[in-house]
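What follows is a set of notes on a single structure, which appears directly below.
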């Protein structure tokens, strides 16, 4: 299991390669990578600033990763989340799940992303041409995460 909260960018292919190294029993590699997106109609996002509590965040991500491993038949996983100041178009999050079968890999990957969107201890601030404001998670993200209860 790879859990990382970092300022540095990541390489999706390299992380997947690391998880599968020397394995021939893997039938599915499911990845989700997210980027900073400027959803404003006038494209005024300058940056997204992400804050977290070191130590607490990694512990929280490890706990949810362990829960995914206990719920689905998966062989390994990686969760990488960037923090700091990120520009539109930059990578922000990566989830990779490897398994013998695709259904378990897809379900675990989706579960992990739903958790990251609603419960992981990250705080996001949008910095725009018009000022700054903290981002709250969407009701649709909350509803998506409730199905895992």
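The values are calculated or read from the model by the stated rules, or taken from the named source; none is laboratory data. The structure displayed is predicted, hence computed values, not measured ones. Cβ placement follows ideal geometry from the backbone for every residue including glycine, while neighbour counts extend to all protein chains displayed.
Structure values in brief
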quantity: Test: residue in the range 39-53 that is closer than 29 Å to residue 103 by Cβ and touching a residue at least 12 places away in the same chain (Cβ under 8 Å); calculated: no
quantity: Elements of type helices (runs of 4 or more DSSP H) contained in the range 33-149, each with 3 or more residues being surrounded by fewer than 19 Cβ atoms within 10 Å (Cβ to Cβ), at pLDDT below 95 and in contact with a helix residue (DSSP H, G or I) (Cβ under 8 Å, 6 or more places away or on another chain); calculated: 139-146
quantity: Filter result for residue 25 (in contact (Cβ under 8 Å) with a residue 40 or more places away in the chain and either under 12 Å from the mean Cα position of the chain (by Cα) or surrounded by 14 or more Cβ atoms within 10 Å (Cβ to Cβ) (or both)); calculated: no
quantity: Number of the exception - residue 117 against (1) touching a strand residue (DSSP E or B) at 6+ places or on another chain (Cβ under 8 Å); (2) under 28 Å from residue 20 (Cβ atoms); calculated: (1)
